[in-house]
1. If we scan the range 397-408, do we find a residue that is assigned to a helix (DSSP H, G or I), within 9 Å of the ligand (Cβ to nearest atom) and of a type outside the set (A, V, I, L, M)?
2. All but one of (1) more than 13 Å from the ligand (Cβ to nearest atom); (2) of a type outside the set (A, V, I, L, M); (3) more than 19 Å from ALA266 (Cβ to Cβ); (4) at pLDDT 95 or above hold for GLY139; state the number of the condition that does not hold.
3. Only one residue in ARG359, ARG322, ARG355 is touching an Asp or Glu at 6+ places or on another chain (Cβ under 6 Å) and away from the ligand (no atom under 16 Å from the Cβ). Which one?
4. For MET316, are the conditions met, namely being outside the structural domain of GLY183 (by TED's automatic domain parsing), assigned to a helix (DSSP H, G or I) and either touching a Pro at 6+ places or on another chain (Cβ under 6 Å) or without any contact (Cβ under 8 Å) to a residue 24 or more places away in the chain (or both)?
5. Go through GLU299, GLU333 for me and flag whichever is surrounded by fewer than 19 Cβ atoms within 10 Å (Cβ to Cβ), in contact (Cβ under 8 Å) with a residue 40 or more places away in the chain, out of contact with any Lys or Arg (no Cβ under 7 Å at 6 or more places or on another chain) and over 25 Å from GLY144 (Cα atoms).
6. Checking PHE145 against (1) within 11 Å of the ligand (Cβ to nearest atom); (2) modelled with pLDDT of 95 or more; (3) more than 15 Å from LEU264 (Cα to Cα); (4) hydrophobic (A, V, I, L, M, F, W, C), which test does it fail?
7. Only one residue in GLY175, GLY202, GLY154, GLY183 is modelled with pLDDT under 95 and within 13 Å of the ligand (Cβ to nearest atom). Which one?
Amino acid sequence: MGMNVKPIPTLDDEINEIRLATADIVNTHVLPNEGRLWGWMADSANATNEVRAEAKQLREDIQNTVKSANLWAPHLPREFGGMGLSFLQHAYMNEILAYSPGAASLFGVVAPNSGNQKILVKYGTPEQHEQWLKPLTEGTMQSGFSMTEPHNPGSDPRSLTTRAELDGDEWVINGHKWFTSNGHAADFYIVMCRTADEDSGGKTDKMTQIIVPKDTPGVNIVRGVPVWGRTSSHCEIIYDNVRVPKENQLGRTGTGHQAAQDRLGAGRVYHCMNSIGSMWRAFDLMVDRLTTREVHGGEKLEEKQFMQGFIAESYMDIQSARLMTIHCAEKMETGADPRTDISAIKIFVPAAYHRVVDRAIQVWGAAGVSGDLPLAGMYQGARTLRLADGPDEVHKILIAKLILRRYHSGETWDFGN
Ligand SMILES: Cc1cc2nc3c(=O)[nH]c(=O)nc-3n(C[C@H](O)[C@H](O)[C@H](O)COP(=O)(O)OP(=O)(O)OC[C@H]3O[C@@H](n4cnc5c(N)ncnc54)[C@H](O)[C@@H]3O)c2cc1C
């Protein structure tokens, strides 16, 4: 069973063409091959060389199909090898891609490389583009984003203490980070560091992002922090007198916080569209099971009212999450202030995703938590999303602050906004 994607009459032809072409590749080439592409990874220790080689070949074949269809790297501008999509086009494409967890990687979008690529595009110099962005886009390099610290609350970036001091032509970095995703495979990290602010003569310290190659002396990977009971590549890293050239800094000194906001703000909308695509998959799986599984003397599950409730509640969760996210994406596209909506979807969508997958698991019984279906992975992913990119409570505080500010200034909330 594939996803059912038809043109949406209110969208322009170009967006519909991208949606349909993407769905065609996912339905034809990815969904029937999910087991061979990555199903074996759940028991990778026992995977034979043949299984690995077949997966690699399959990946390359699909990537070539994607490139021939001009659907490679939807997150990048054309001059950097991407599709050059508008914000909305990219958001709609993500919904389709996320129907099959992992499909985005076959279209050139692999986190955290994709976020780093966008930061390099916006803040990098031509030399940095050549040295770091190009190999990242060609797939010959990997990267990580190193911001969160074990001893300071990640939800308050003002608390970060990793420091970079200028010594001649070099930055000297000292600090302790963790949850640097892709940390083992990365060739370099973009590290969030506190630096003296040149504009204020060093009186206030702001954040600067600095590129640190992993093999630099003083970069000590302590461990991959186990997540959900498994080893992971979310690494704890100590930066001990790490020296990198001054030209490894991204953008002007002190612009690191803004760069992180640029990365996370847009990223949150894309992540929510991903969650919605995955919700559709969980929904299709759930309804499919309800219409085929027989219980108690031959009645189908779909005939039970508890189960019908699952269908109705999941449908409402998906539609409300989807409309909120598209509303927010439209604001981003038109340049309206999207901050309240970004925080609102960042809270609402992962929670709705969590509920939808939870019901699908319940319907599938034991199979729901098995490695034979994508539901267990989705469930953990949905829960994790309530923490990553800013936890729920912090976004609630921000929504309330933005709305109250409006009311205190004598305005009420505009219904259409
Ligand atoms: C799987 C995964 C991958 C990640 N990948 C990366 C990565 O690649 N790079 C990276 O730098 N980081 C990464 N992170 C870290 C993530 O960004 C942080 O976990 C997140 O920012 C929260 O920070 P924290 O864990 O320090 O929680 P804390 O900041 O300690 O917050 C703990 C809890 O307190 C709540 N809280 C905080 N302030 C308030 C308040 N004022 N009122 C009420 N409640 C409050 C929060 O909402 C949260 O629920 C990853 C995390 C996970 C789980």
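1. no
2. (4)
3. So the residue among ARG359, ARG322, ARG355 that is touching an Asp or Glu at 6+ places or on another chain (Cβ under 6 Å) and away from the ligand (no atom under 16 Å from the Cβ) is ARG355.
4. Yes: the conditions hold for MET316.
5. Selected residue: GLU333, the only one of GLU299, GLU333 that is surrounded by fewer than 19 Cβ atoms within 10 Å (Cβ to Cβ), in contact (Cβ under 8 Å) with a residue 40 or more places away in the chain, out of contact with any Lys or Arg (no Cβ under 7 Å at 6 or more places or on another chain) and over 25 Å from GLY144 (Cα atoms).
6. Just one mismatch for PHE145, condition (3).
7. GLY154
Quick grid of which residues meet (1) at pLDDT below 95; (2) part of a helix (DSSP H, G or I); (3) not polar (S, T, N, Q):
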| position | (1), (2), (3) |
| --- | --- |
| ARG322 | no, yes, yes |
| MET332 | yes, yes, yes |
| SER343 | no, yes, no |
| ALA360 | no, yes, yes |
| VAL363 | no, yes, yes |
| GLY368 | no, yes, yes |
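The values are calculated or read from the model by the stated rules, or taken from the named source; none is laboratory data. From a predicted model like this one, the values you see are computed outputs, not experimental measurements. Note that each Cβ is placed from the backbone with ideal geometry, even for glycine, and that neighbours are counted across all protein chains shown.
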